[in-house]
1. Would you list PHE182, PHE107 from fewest to most Cβ contacts within 10 Å?
2. What does the charge dipole of the chain about its Cα centre add up to, to the nearest 20 debye, if the Cβ of each Lys and Arg holds +1 and the Cβ of each Asp and Glu holds -1?
3. Can you list residues from other chains, or at least 5 along the same chain, whose modelled amide H is less than 5 Å from the amide H of ARG285?
4. Normalised by the residues of the range 22-167, what does the relative contact order come to in percent, with Cα pairs under 8 Å and at least six apart?
5. Using Cα springs under 10 Å in a Gaussian network model of the chain, which residue among PRO213, PRO47, PRO119 shows the largest mean-square fluctuation?
6. Most fluctuating residue of HIS251, HIS226, HIS212 in a GNM of the chain with Cα springs under 10 Å: which is it?
7. Okay, helix-only estimate at 222 nm for the chain: each DSSP H run of n ≥ 4 adds -39500 (n - 2.57), divide by all residues, round to 500 deg cm²/dmol; what do you get?
8. If you average the sequence gap of Cα pairs under 8 Å that are 6 or more apart and divide by the length of the chain, what percent do you get for the contact order?
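Taken together, the values in this text are just the output of simple stated rules run on the coordinates, not laboratory data. Values in this document were obtained by computation on a predicted structure and should not be read as measured data. We place every Cβ from the backbone using ideal geometry, glycine too, and count neighbours over all the protein chains shown.
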Amino acid sequence: MCADAPMLEPTLRPIASVGIVAKTHLQAAAPVVRDVVAWLAERKLRPVVAEDTAELAGLTSVQTTTPAALPDASDLILVLGGDGTLLGMARQIAVAKMDPPILAVNFGSLGFLTEIILPELFEALASAVDGSARIDERKMLRSRTVRGDILLAERLVLNDVVITKSALSGILELSVSVGEQFVARFRADGLIIATPTGSTAYNLSAGGPIVHPLVNAVVLTPIAPHTLTNRPIVLPETSAIRIQPELGDRHAEAFASFDGQTGVKLERGDAVIVDTASRPLRMIRAASRPYFAVLREKLRWAER
């Protein structure tokens with residue numbers, strides 16, 4: 001391909017089935033789920049509803065399945081909730097055989113990732129079904145927590161991997177390498193390894209940069225660093241990042257968390273290795289709201 005050839009935008013495969021999952025106990029989503037099921041039935045499309053969501057909506061005559069099985073049973077997944085609901089489903093898609101795109105509708109207070117609002121639901125759903133919707137491919141990270149030759153945990157994340165101290169722990173010393181190169185030894189309360197998508201989450205709160213979600217990069221941001229020279233750094237995604245807390249005899253406890261939803265306690269000698277996941281998450285884009293408009297609307301970005 002020549003250097004100035006246009007990049008092809010990801011396209012949607014034909015949709016015959018739509019998975020539906022709502023935030024647990026979100027009563028406001030119940031009538032919406034029923035309306036979506038009726039809308040799909042009118043168009044001869046098959047709804048597949050997560051079991052908890054079907055119970056929430058009082059549906060007894062639709063196909064149901066577990067959230068874990070939803071990706072392999074659906075050509076498109078509709079998420080009703082906030083960013084946490086989307087992150088949970090993103091992890092399910094990441095480990096499934098199939099990778100249906102997500103159409104996320106915000107029911108939360110901020111909903112930076114779930115950028116489509118409720119009045120736009122059916123317009124966005126129609127564009128996905130007819131193939132005209134535009135989609136973003138969001139990079140995900142794979143994290144492996146190792147103890148010597150033993151793999152303690154392997155997780156896929158859309159936002160971030162965070163190494164942090166416990167509430168009563170002293171400051172952490174974190175040795176970081178990228179590929180074969182030693183980067184630095186950070187003295188801080190922790191370290192955030194964020195995707196571009198996750199750059200507007202914990203990373204932003206810790207003083208890290210905003211990175212456009214289509215940039216192929218990873219952000220390292222120290223949390224409350226002991227010295228002001230420990231600044232965030234943006235790295236290419238080409239090499240694995242290895243983080244090893246130096247947990248000696250002093251009072252220091254470290255934990256690794258994944259998208260803020262699961263975690264593991266680290267012991268002396270443990271390391272966390274982060275690299276790029278084998279495939280991205282595909283997300284339906286809000287047609288009426290480009291990325292910079294979302295920044296301005298959700299984060300009050302660049303306002304005086």
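1. Lowest count first: PHE182, PHE107.
2. With Lys and Arg at +1 and Asp and Glu at -1, about 260 debye.
3. ARG134, ILE135, ASP136
4. Once divided by the residue count of the range 22-167, the mean separation gives 16 percent.
5. Highest fluctuation among the options: PRO119.
6. In this elastic network of the chain, the residue with the biggest mean-square fluctuation among HIS251, HIS226, HIS212 is HIS251.
7. Value at 222 nm, helices only, nearest 500: -5000 deg cm²/dmol.
8. Relative contact order here is 17 percent.
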